[in-house]
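Some notes on the structure that comes next.
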Amino acid sequence: MNFSQINVLVAIADTGSLTGAAERLSLSQSGVSQAMAALEEDLGVQLFTRGRRGAVATAVGEKIVHEARTILVGLAAIRRTADTAAGVEHGKLRLAAFPSVFSTLLPPLLRRFQELHPGIEVVALEASDAEIETWLANGTVDLGVTTAESFDATDWPLGQDDWVAVLPSSHPIALSPARAVSLTRLAKEPFVLATGGCTIHAGSLAERLGAPLEQVRIEVRDWVSAFALVREGLGVTVVPEPTLPADRRGLRVMPLKEGLHRYFGLRFSEASSANPAVPAFLNLARDAVIDRGSEAA
C-alpha cells in the first residue's frame, strides 16, 4: 500500500467512479484502475463493486475508506506542522503559465497545493511564454511554466506532449489511407497557425526542420479558434495533443512522422529564493511527475 493508492481509494469513494477519480487526480482511467487492482490484491479483499451506478464501496471497503481518510488527515497535519517550522504556513505564491497548461496540467496541482498548504495564497497568471520570461527576470512572479525543445532546457521538468496534425475531414490527406503525415508535407498546405501564446509552435518547428510554412492564411493564439477554422476548410494546423477538442466532428487528427514533442517545465525567479512556498510547490510538482511516470510504467 502506498500514498498514491490511498489517494485513488478516497477519490473513487468521493466521486463514485473511476473516471471521476481520474479527473480529480489528473491520471488516466487505466492508471486509476491499475492502482485500485493492486491495492485490492495487496489487501486480499474487494473494495468496490462496479456497475451502472458507478463504483460502490463494499462493506469492508467502507471501513477501509474511513481508515484511509484518517491517514490523509494525519498526513495533512504532519504537513502543517512541517510548514510551520519551515515558515510556509502563510505567504503568497505567484505562478504564471501559458493557456494550454492552465487547462490541463495545473488545475490538479493547484488544488492539491491548496489542500496541503491552505495558508498560502496562490496568484495564478495566464500569459504568453515571452511575458513569463520577462516576469521571471524582473521578479514579478515566483514560478513560471515555460516550453523548451528538450527536457535538459528546463529547470524543473514537468512533462511532455506530442505535436499532432489536424486537417479538415474532407482534405485529400485526411481521406488517404496514410496513418501519419509529415510536417514538411503540411508546410506546403494552406495553414492555420495556432501559437497558444508560445514561441514554440508549428511555425518554429517547421523552420527548425528546414521547411518553413509557405501559406499561413490565419494566425491565432487560441486553439479553439484554430479548430473552428480548420473545420471550415480554411487550412490545416499542428497542435499539442492535449489541446485537441472532445468533439472532433469535421476534423481528422494524424500523428506527425517526425515524432515531435513539446517539453515544458517550471522555472523560478532569483527573487523567489527566499520564498518558502516555492520549494513546497516544486516538491509537489516533482511528486506529480513521479506519479505519472509510475502510471506510465
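The values are calculated or read from the model by the stated rules, or taken from the named source; none is laboratory data. Keep in mind the model is a prediction, meaning the values are calculated, not measured. Quick reminder, even Gly has a Cβ in these numbers, built from the backbone with ideal geometry, and neighbours come from all protein chains shown.
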Checklist entry - Being closer than 17 Å to PHE191 by Cα, among the aliphatic types (A, V, I, L, M) and either assigned by TED's automatic domain parsing to the domain that holds SER100 or modelled with pLDDT of 90 or more (or both), is that true of even one residue in the stretch 258-269? => result no
Checklist entry - Got at least one residue in the stretch 197-212 being in contact (Cβ under 8 Å) with a residue 12 or more places away in the chain, part of a strand (DSSP E or B) and outside the structural domain of ASP129 (by TED's automatic domain parsing)? => result no
Item to check | Options VAL101, VAL166: the member that is of a type in the set (Val, Ile, Thr) and either modelled with pLDDT of 90 or more or in the same structural domain as ARG24 (by TED's automatic domain parsing) (or both) | outcome: VAL166
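For (1) touching a helix residue (DSSP H, G or I) at 6+ places or on another chain (Cβ under 6 Å); (2) within 24 Å of ASP222 (Cβ to Cβ); (3) touching a residue at least 24 places away in the same chain (Cβ under 8 Å), each residue gets a yes or a no:
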{"site": "VAL123", "(1), (2), (3)": "no, yes, yes"}
{"site": "GLU133", "(1), (2), (3)": "no, yes, no"}
{"site": "GLY139", "(1), (2), (3)": "yes, no, yes"}
{"site": "VAL145", "(1), (2), (3)": "yes, yes, yes"}
{"site": "GLN160", "(1), (2), (3)": "no, yes, yes"}
{"site": "ALA174", "(1), (2), (3)": "no, yes, yes"}
{"site": "PRO177", "(1), (2), (3)": "no, no, no"}
Checklist outcome for this item: Over the stretch 120-140, the set of residues polar (S, T, N, Q) and modelled with pLDDT of 85 or more is THR134, ASN138, THR140
Checklist entry - In the stretch 261-280, what residues are in contact with a helix residue (DSSP H, G or I) (Cβ under 6 Å, 6 or more places away or on another chain) and not in a strand (DSSP E or B)? => result SER269, SER272, PRO276, VAL278
Checklist outcome for this item: From the option list ARG221, ARG208, ARG185, single residue qualifying as modelled with pLDDT of 95 or more and surrounded by fewer than 22 Cβ atoms within 10 Å (Cβ to Cβ) is ARG185
Checklist outcome for this item: Selection over the stretch 89-138 where residues are under 17 Å from LEU75 (Cβ atoms) and among the aromatic types (Phe, Trp, Tyr) yields a count of 1
Next on the checklist: Anything in the stretch 51-79 that is modelled with pLDDT under 85 and surrounded by fewer than 15 Cβ atoms within 10 Å (Cβ to Cβ)? List them, or say none.
Outcome noted: GLY51, ARG52, ARG53, VAL73, LEU75, ALA76, ALA77, ILE78
Checklist outcome for this item: Scanning the stretch 17-56 residue by residue, the ones that are of a type in the set (Gly, Ala, Ser) and closer than 19 Å to THR70 by Cα total 1
